[in-house]
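Structure first, commentary second.
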Amino acid sequence: MLSISKKAKSKFSATRRLLLKSKLLKKAESLLVKEKEQKEVERENTLRERAPPLNLSGLSVQELQELCRDLHHKIDIVDEARYDLNIKVTRNEAEILSLTQKIYELKGKMKRPNLRRVKKSADAMLGSFTDTRVMKADFKANLKTVKKEEEKKEEVTDWRKNVEAMSGMEGRKKLFDAGQ
């Protein structure tokens, strides 16, 4: 058996590979320059087509106002299209993210989220929430005392005596005084 650690000889020598690499880089650079020039020419053509040069000499006030209205209308149309495209791009990016996440889930390779450093003490947590000096977590001292009022219990007496005592104006006066 031959050992796997032996490196297979390449078909090209190191100088030949270096020469090919340099030629590829030069070709790629020239292609990038041509592509950049072509994009610049296309940009100039579209600008000439969409926004022809303004000829403002010899126009009356009404014609200038009409020209301004037309330009504002065109700007509104372009802004609406730009806004629509931005919304489409954000939706597509969100969809791409969700689909890549589904792919990772299907493959079983979950990407771990970046972990954040967590403060360990409750005092430090309170200090970060209040953005002032660190307060001690002495919760018992901050508790309010609540006193419960005892419910007034009415004495249970004979109802007949209560009816006789409350009859007439004197009884109504007693009820009024008891209410206050």
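Quick note: the coordinates plus some simple rules give every number you see, no bench work behind them. What you are looking at is a predicted structure, and each value in this text was computed from that prediction instead of being measured. Every residue, glycine among them, receives a Cβ derived from its backbone with ideal geometry; neighbour counts consider all protein chains shown.
Give a residue-ordered list of calculated ³J(HN,Hα) values for segment 73-89 (Karplus: 6.51 cos²θ - 1.76 cosθ + 1.60, θ = phi - 60°; whole Hz; x for Gly, Pro).
Each residue of segment 73-89 in turn: 5, 5, 5, 4, 5, 5, 5, 4, 5, 5, 4, 4, 5, 4, 5, 4, 5 Hz.
Here are some pairs, Lys39/Lys88; Lys34/Lys102; Lys39/Lys74; Lys36/Lys74; which of them have Cα atoms lying more than 31 Å apart in this structure?
Working: Lys39/Lys88 24 Å; Lys34/Lys102 40 Å; Lys39/Lys74 24 Å; Lys36/Lys74 28 Å.
In this structure, Lys34/Lys102 lie more than 31 Å apart at Cα.
At 4 °C and a viscosity of 1.567 mPa s, what translational diffusion coefficient does Stokes-Einstein give for segment 1-104, taking Rh as the Kirkwood radius over Cα pairs? Give it in µm²/s as a whole number. Don't jump to the answer; show the numbers that get you there.
Numbers: Rh = 20.9 Å.
Stokes-Einstein gives a translational diffusion coefficient of 62 µm²/s.
Suppose each label sits 7 Å from its Cα in the direction of the beta carbon; what would the Arg91-Gln38 distance come out to in nanometres?
Those two pseudo-labels are separated by 3.2 nm.
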